[in-house]
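Step one of this worksheet: look at the structure below.
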Amino acid sequence: MTNASTAPAVDFKLEIVVIPVSDVDRAKAFYEKLGWRLDADFAGPDDYRVIQFTPPGSGASVIFGKNVTAAAPGSAQGLYLIVSDIEAARDELLGRGIAVGEPFHAEGDAHEGTDEPYLFGRRRFPGVDPERGTYRSYASFSDPDGNGWLLQEITTRLPGRIDANGASFTSPADLAAALRRAGAAHGEHEKRNGGKHDENWADWYAEYLVREQTGEPLPE
């Protein structure tokens, strides 16, 4: 009998998510407009075609095409795109001509908030989370077939989600955003220490970046 608590001996990395579309060229034009990297566009016998795109900074990709899936076009919903700044991400997509909904956050119970759909059993409230808490701010958009994408702002992972040895940044923009947060926190750190220059600022930054990403208590 396998012990579920034993770490797997082999990595199982999520590589591909299949999304069903009705018009392959229309879908390709949309995902190109998003600014995603086109990895493949292959045609084969029996009217087969597969297209692969990868979002910026993502380790996983999406594929769609002809005779790729039997799922109904537009039936893929709740496809999460994790961003470090929900407003900046939304502004970028709007600048590309993508119709993105207004930011919202989810809290409270079923008797509060707007009449929009639930999110994990909670009502959606307009605007970003007032405290800008990690995991709590969202915005949504859809592709031409209605496949639904959800932007979620995550700045600090919950404890245990990422091992300290596996902390990494997938793009210059991701690292820059983390450095800005670390810089602001380090400024407060120096104020608490009488405004004296911290000669070990690099070590402090490094500890902050790793702790933030792995969900550990942040340095003071």
In segment 45-65, anything farther than 21 Å from D174 by Cα, exposed (fewer than 15 other Cβ atoms within 10 Å of the Cβ) and touching a strand residue (DSSP E or B) at 6+ places or on another chain (Cβ under 8 Å) is listed as D47, Y48
Within segment 48-97, residues being at positive phi and out of contact with any Gly (no Cβ under 7 Å at 6 or more places or on another chain) number 4
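Taking E188 as the residue in question, decide whether it is at pLDDT 80 or above, in a loop (DSSP other than H, G, I, E, B) and either in the same structural domain as G59 (by TED's automatic domain parsing) or surrounded by fewer than 12 Cβ atoms within 10 Å (Cβ to Cβ) (or both).
Working: at pLDDT 80 or above: yes; in a loop (DSSP other than H, G, I, E, B): no; either in the same structural domain as G59 (by TED's automatic domain parsing) or surrounded by fewer than 12 Cβ atoms within 10 Å (Cβ to Cβ) (or both): yes.
No, not satisfied.
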For segment 82-99 the number of residues that are surrounded by fewer than 19 Cβ atoms within 10 Å (Cβ to Cβ) and of a type in the set (A, V, I, L, M) is 5
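Do the conditions hold for V50, that is, is it at pLDDT 90 or above and not small (G, A, S)?
On the way: at pLDDT 90 or above: yes; not small (G, A, S): yes.
When the stated conditions are applied, V50 passes them.
Quick one: count up the residues across segment 12-21 that are assigned to a loop (DSSP other than H, G, I, E, B) and either under 17 Å from W149 (Cβ atoms) or basic (K, R) (or both). Show your work before the answer.
Narrowing segment 12-21 to residues assigned to a loop (DSSP other than H, G, I, E, B): 12-15, 19-21.
Remaining after also requiring either under 17 Å from W149 (Cβ atoms) or basic (K, R) (or both): 13-14, 19-21.
Residues in segment 12-21 being assigned to a loop (DSSP other than H, G, I, E, B) and either under 17 Å from W149 (Cβ atoms) or basic (K, R) (or both): 5 in total.
Before we move on, is P103 in contact with a Ser or Thr (Cβ under 7 Å, 6 or more places away or on another chain), under 19 Å from D143 (Cα atoms) and not assigned by TED's automatic domain parsing to the domain that holds A177?
Details: in contact with a Ser or Thr (Cβ under 7 Å, 6 or more places away or on another chain): yes; under 19 Å from D143 (Cα atoms): yes; not assigned by TED's automatic domain parsing to the domain that holds A177: yes.
Yes.
Being outside the structural domain of A139 (by TED's automatic domain parsing) and more than 23 Å from the chain's Cα centre (by Cα): is that true of D47 here? If you could, list the steps in order and put the result at the bottom.
Numbers: outside the structural domain of A139 (by TED's automatic domain parsing): yes; more than 23 Å from the chain's Cα centre (by Cα): yes.
When the stated conditions are applied, D47 passes them.
Is there a residue being touching a Gly at 6+ places or on another chain (Cβ under 6 Å), in a strand (DSSP E or B) and modelled with pLDDT of 95 or more anywhere in segment 30-47?
The answer is no, given that none of the residues of segment 30-47 is touching a Gly at 6+ places or on another chain (Cβ under 6 Å), in a strand (DSSP E or B) and modelled with pLDDT of 95 or more.
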When segment 66-79 is checked residue by residue, the ones that are of a type in the set (S, T, Y) and surrounded by 14 or more Cβ atoms within 10 Å (Cβ to Cβ) are T69
In segment 183-220, residues that are farther than 21 Å from T134 by Cα, among the acidic types (D, E) and free of Cβ contacts under 8 Å to residues at least 12 places away in the same chain total 3
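Select from segment 109-146 the residues that are among the acidic types (D, E) and at pLDDT 60 or above and list them in ascending order. Before you say what the answer is, go through the steps one by one.
Residues of segment 109-146 that are among the acidic types (D, E), as a first pass: 109, 112, 115-116, 129, 131, 143, 145.
Result: D129, E131, D143, D145.
The values are calculated or read from the model by the stated rules, or taken from the named source; none is laboratory data. Just so you know, these numbers come straight off a predicted model, no measurement behind them. FYI the Cβ positions are ideal-geometry reconstructions off the backbone, even for glycines, and counts take in every protein chain you see.
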